[in-house]
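The values are calculated or read from the model by the stated rules, or taken from the named source; none is laboratory data. Computed from a predicted model, the values in this text were never measured in an experiment. Because the Cβ atoms are built from the backbone with ideal geometry, glycine has one as well, and the counts that use them run over all protein chains shown. What goes into the accessible areas is simple: the full protein's heavy atoms, side chains included, and nothing from ligands, DNA or RNA. Shrake-Rupley method; radii C 1.70, N 1.55, O 1.52, S 1.80 Å.
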Amino acid sequence: MNLEFSDTEKEFQKDVQSWLSDNVPADIQEKTQNGEMLDKTLQQKWEQILGSKGWLATTWPKQYGGPGWNATQRYIFDVERAKAGAPGTSPFGVSMVGPVIFNFANQEQKDRWLPGIVSGDTLWCQGYSEPNAGSDLASLKTSAKKEGDEYIVNGQKIWTTQAHWADMIFCLVRTDSTVKKQQGISFLLIDMNTPGIEVRAIHSIDGHHHLNEVYFNDVRVPVENLVGQEGMGWTIAKFLLTHERTTIAGVADTKQEIERLKHALKNTRSGSGVRWDDPQARRRVAELEIDLMALEYTNFRTVASTDNGNPLGPESSGLKIKGTELQQQVSQAIVELGGPLSLAWDNKEAIGNMEFNKATRRYNFLRACTIYGGTNEIQKNVIAKMLLGL
Ligand SMILES: Cc1cc2nc3c(=O)[nH]c(=O)nc-3n(C[C@H](O)[C@H](O)[C@H](O)COP(=O)(O)OP(=O)(O)OC[C@H]3O[C@@H](n4cnc5c(N)ncnc54)[C@H](O)[C@@H]3O)c2cc1C
């Protein structure tokens, strides 16, 4: 494997750097660099800027409005994006339902839904998990009963990230309860403004509202919103989850977090915490950088393999496990090395050091990253099954 970028790739890297330096709005950059969450308006503003350049749906083929980049170009873009202080994008439209639509939907559905995703105008959320169906997703109970040219949907989803922002939800629903549980599931696209949908907030331990419960009470959904055939939902769900896991590894953003930590340690006021001249602090950072480098090389191998036309397999589970563990370790190191500075929670004036501001919020939020996208225990089961045949 050649780890050097080619001349063409270096040229591409320069174009990306130059476009980012001209196009990341200052308010978005400042918030991202301060570790703040963007609200819906700013998040969508950034996604629409990328959309108008044709750089939002980076994995999509050109025919559907993607840039037609290979995996190396996507990797370069992601690293430069994080370095430029630009936020990541919401995965639900571009990384999840978009690829489902262009792989499984009919032409009419592609024409109807893809343009809004690729432009950043339509926001989506993912309705998979239910109170008694998380890891055991196939036990889901939300039902969709066909009545004429509509499905009548009843049930409840939970942990639905950004449901309070979304225009659309893609849902796994039960259309048949008389067959093996995996075979009775279908994939339905539902307009969040349909009467009978209620969204209730769940406030998470970081103090923010990302998560929701979504209730469906006799929600009428046109049959033309079914993707694929009835009973195909499980096949689509598995396809989508593999896509979800690769984006969760977060190499580019973790790299940036470590840079922020180093910057913070070099600039911390004396007497207010651990500093860069403490060998224990430098050793801790070095260990994180070594782990990150190992993850990055594994990611490179996956990139090279997909560029050679190989499908993604259990590697996506491995990347998810290592990537999320590292995100947690980095956030823990930031809190511990920041010491009392990290306790400020959300007060950069008090601590005079923006890198440690919100460190504890982020630490708290990232406890969830080994759970979402399929828990790390489940990823280990996937690896055991696919690699070891257990
Ligand atoms: C921040 C956050 C955002 C999320 N966003 C979304 C979203 O937008 N849309 C959506 O649909 N869902 C979302 N989820 C839900 C997420 O996918 C589930 O939480 C996850 O799949 C685990 O399901 P569960 O919570 O029901 O836990 P359970 O499945 O009940 O698991 C509990 C524990 O048991 C372990 N366990 C379960 N089964 C096994 C097994 N077979 N082998 C070994 N260990 C096992 C698990 O690893 C876990 O530690 C989100 C979750 C979080 C925390």
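Numerical summary
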| quantity | calculated |
| --- | --- |
| Yes/no for SER90 being of a type in the set (S, T, N, Q), surrounded by 18 or more Cβ atoms within 10 Å (Cβ to Cβ) and in contact with a His (Cβ under 6 Å, 6 or more places away or on another chain) | no |
| Hits in region 334-362 (condition: open to solvent by 30 Å² or more (accessible area, probe 1.4 Å), part of a helix (DSSP H, G or I) and at pLDDT below 65) | LYS348, GLU349, ALA350 |
| Residue list for region 125-162, restricted to those being in contact (Cβ under 8 Å) with a residue 40 or more places away in the chain, more than 8 Å from the ligand (Cβ to nearest atom) and within 20 Å of MET192 (Cβ to Cβ) | LEU140, THR142, ALA144, GLU150, TYR151, ILE152, VAL153, ASN154, GLY155, GLN156 |
| Condition met for THR194 (under 17 Å from LEU123 (Cα atoms) and assigned to a loop (DSSP other than H, G, I, E, B)) | yes |
| Failed condition for ASN103, given (1) open to solvent by less than 30 Å² (accessible area, probe 1.4 Å); (2) of a type outside the set (Ser, Thr, Tyr); (3) away from the ligand (no atom under 11 Å from the Cβ); (4) not assigned by TED's automatic domain parsing to the domain that holds HIS208 | (1) |
| Every residue from region 158-191 that is under 15 Å from GLN126 (Cβ atoms) and part of a loop (DSSP other than H, G, I, E, B) | TRP159, THR160, THR161, GLN162, ALA163, HIS164, TRP165, ALA166, ASP167 |
| Matching residues, region 50-78, being among the hydrophobic types (A, V, I, L, M, F, W, C) and either free of Cβ contacts under 8 Å to residues at least 12 places away in the same chain or open to solvent by less than 20 Å² (accessible area, probe 1.4 Å) (or both) | LEU50, LEU56, ALA57, TRP60, TRP69, ALA71, ILE76, PHE77 |
| Some residue of region 18-28 being modelled with pLDDT under 95 and within 19 Å of LYS255 (Cα to Cα) | no |
| Any pair with Cβ under 7 angstrom, 6 or more apart, that starts in region 355-374 at a residue that is under 15 Å from LEU326 (Cβ atoms) and ends at one that is away from the ligand (no atom under 16 Å from the Cβ) and modelled with pLDDT of 90 or more | TYR363/GLN332 |
| Yes/no for ILE28 being β-branched (Val, Ile, Thr), outside the structural domain of HIS208 (by TED's automatic domain parsing), surrounded by 17 or more Cβ atoms within 10 Å (Cβ to Cβ) and more than 28 Å from ALA264 (Cβ to Cβ) | no |
| Scan of region 202-237 for residues that are more than 26 Å from LYS110 (Cα to Cα), open to solvent by less than 10 Å² (accessible area, probe 1.4 Å) and either not assigned by TED's automatic domain parsing to the domain that holds THR142 or not in a loop (DSSP other than H, G, I, E, B) (or both), ordered by number | ASN212 |
